[in-house]
1. Would you be able to tell me the number of residues in the stretch 109-129 that are farther than 13 Å from Asn53 by Cβ and assigned to a loop (DSSP other than H, G, I, E, B)?
2. Looking at the stretch 101-124, is at least one residue within 29 Å of Ala23 (Cβ to Cβ), touching a Leu at 6+ places or on another chain (Cβ under 6 Å) and either assigned by TED's automatic domain parsing to the domain that holds Ala19 or not aliphatic (A, V, I, L, M) (or both)?
3. If a residue has to be closer than 15 Å to His98 by Cα, over 16 Å from the mean Cα position of the chain (by Cα), of a type outside the set (D, E, K, R) and surrounded by 17 or more Cβ atoms within 10 Å (Cβ to Cβ) to count, how many in the stretch 130-145 make the cut?
4. Tell me, yes or no, whether the stretch 24-31 has at least one residue that is farther than 19 Å from Arg90 by Cα and either under 21 Å from the mean Cα position of the chain (by Cα) or assigned to a strand (DSSP E or B) (or both).
5. Confirm whether Leu120 is crowded, with 17+ Cβ neighbours inside 10 Å, modelled with pLDDT under 90 and not small (Gly, Ala, Ser).
6. Check whether at least one residue in the stretch 49-61 is in a helix (DSSP H, G or I) and in contact with a Gly (Cβ under 9 Å, 6 or more places away or on another chain), and report yes or no.
7. Buried (at least 16 other Cβ atoms within 10 Å of the Cβ), within 24 Å of Arg140 (Cβ to Cβ) and touching a Phe, Trp or Tyr at 6+ places or on another chain (Cβ under 7 Å) - does that describe any residue in the stretch 27-40?
8. Looking only at the stretch 51-62, decide whether some residue is out of contact with any strand residue (DSSP E or B) (no Cβ under 7 Å at 6 or more places or on another chain), at negative phi, at pLDDT below 90 and not polar (S, T, N, Q).
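The values are calculated or read from the model by the stated rules, or taken from the named source; none is laboratory data. Remember, predicted model here, so these are calculated numbers, not experimental data. Reconstructed Cβ throughout: ideal geometry from the backbone, glycine too, with neighbour counts over all protein chains shown.
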Amino acid sequence: MKVTFKYGIGAFTGKIDNAVFWAQKSKLASLMRKFTYPKITTHNKKIGAIAKNLGSLWRKLSDGYHEDFKTYTDRYYVQYGTEGLYDPARSSYAFWTHAIWSWAKDNTEVDLATLTTEDLFLAGGTIKTVRDAIKHGYLRPIDQYDDLSNPFNPGP
């Protein structure tokens, strides 16, 4: 259901009471659906463990690597824009997880639920920098990316 708000609120993303809201790209309205608690399966648990581990890894990586992903995100949206009214605005973390999942698909021996920064450093030469991830096809190419070369060394 399409929802518009009063009092200068353009759009809202989140959960209130028994409804889930998703903002449109125009920021003039939101989509709403009834919240239903999903049935927990072994697949949910596996994806949850992977998401928790990837979030923990992301926080440990260097600030320069984070900044390069932020720069990539900004340049990506300048070059490609959005792909429709309901295309979500992806964050630098979302692009990183996309690259990690793509890399793991090519390296089937990798278990994302137990991946550590050391494992990533030893095995992740193809995603050590944003530039490497683009060159190896794990991120969509952008016109200017040669300067995105900060490695993912664990942060302080």
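1. Residues meeting the conditions: 4.
2. Taking every residue of the stretch 101-124 in turn, none turns out to be within 29 Å of Ala23 (Cβ to Cβ), touching a Leu at 6+ places or on another chain (Cβ under 6 Å) and either assigned by TED's automatic domain parsing to the domain that holds Ala19 or not aliphatic (A, V, I, L, M) (or both).
3. The qualifying residues number 0.
4. Checking the stretch 24-31: not a single residue is farther than 19 Å from Arg90 by Cα and either under 21 Å from the mean Cα position of the chain (by Cα) or assigned to a strand (DSSP E or B) (or both).
5. Taking the combined requirement at face value, the residue satisfies it.
6. Checked the stretch 49-61: at least one residue is in a helix (DSSP H, G or I) and in contact with a Gly (Cβ under 9 Å, 6 or more places away or on another chain).
7. no
8. No, there is no match, as no residue in the stretch 51-62 is out of contact with any strand residue (DSSP E or B) (no Cβ under 7 Å at 6 or more places or on another chain), at negative phi, at pLDDT below 90 and not polar (S, T, N, Q).
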